[in-house]
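**Student:** Quick one: this structure, given as structure tokens, is what I'll be asking you about.
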Amino acid sequence: MAITEVKKIVNISNANIQFICPICKTRKSLEVPKSVIEEAKQLTTMSIARGLVCEHQFQAFVDKNYQVRGYQKVDFEFENKLNQGKSSEFRNIKQDDNELFENLVLEGNYVEYKPKKIRYVRNQENSSQKKKVTLKEIYNEFWELIDDNNDRFKDFIKNDLRRSQSILL
């Protein structure tokens, strides 16, 4: 039997590295997969996202001994606005940083978020709090779409000046 390919065994253990924000000097230790640093030729550049250490985004340069050798501030950051509407649908989701990062799978350049349990708290109005819409409000909103022979809106149709003006045009 011949071995045609040797696969590199990836170290899945983590190193605990303390990062210091170069802007506000906040300190926080984060677990980083050792495989990321071991696969780099010299320094590993890590982008520290907003909210991981503090409210700033910055880059850290980590050597082979898991020591931070320097930081760089981010001058400009693009924001993804595609999911902005969806995020307002859910409110009051509270997770501390530890719970959030316990659910991250970090292997080399691969990152995946695998929550063990998903908790969504929808911002729902109680049905008794919902506003009742009157027939007149419905008519005023959709008057152009309502047929002239509609029995439910016949009183509104005959008293509506907009309809008589649109007939003249």
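**Student:** If you check every pair at least six apart or on different chains, which have Cβ atoms under 7 Å apart with a residue in region 133-146 that is in the same structural domain as LEU161 (by TED's automatic domain parsing) and free of Cβ contacts under 8 Å to residues at least 60 places away in the same chain first and a residue that is surrounded by fewer than 14 Cβ atoms within 10 Å (Cβ to Cβ) and assigned to a helix (DSSP H, G or I) second?
**Tutor:** From residues that are in the same structural domain as LEU161 (by TED's automatic domain parsing) and free of Cβ contacts under 8 Å to residues at least 60 places away in the same chain, the pairs are TRP143/ARG162.
**Student:** For residues that are among the polar types (S, T, N, Q) and assigned to a loop (DSSP other than H, G, I, E, B), scanning just region 45-77, find the one that is farthest from VAL32 (Cα to Cα).
**Tutor:** GLN57
**Student:** Out of curiosity, is ILE20 surrounded by 10 or more Cβ atoms within 10 Å (Cβ to Cβ) and at pLDDT 85 or above?
**Tutor:** yes
**Student:** In region 47-57, is there at least one residue being without any contact (Cβ under 8 Å) to a residue 12 or more places away in the chain, over 22 Å from ASN103 (Cβ atoms), exposed (fewer than 15 other Cβ atoms within 10 Å of the Cβ) and not charged (D, E, K, R)?
**Tutor:** no
**Student:** Could you figure out which of (1) touching a Ser or Thr at 6+ places or on another chain (Cβ under 9 Å); (2) at pLDDT 80 or above; (3) not in a helix (DSSP H, G or I) isn't true of ILE37?
**Tutor:** With (1) touching a Ser or Thr at 6+ places or on another chain (Cβ under 9 Å); (2) at pLDDT 80 or above; (3) not in a helix (DSSP H, G or I) applied to ILE37, the lone miss is (3).
The values are calculated or read from the model by the stated rules, or taken from the named source; none is laboratory data. In this text the structure is predicted, and so the values were computed from the model without any measurement. Methodologically, a virtual Cβ is constructed for each residue, glycine included, from the backbone with ideal geometry; neighbour enumeration extends over all protein chains shown.
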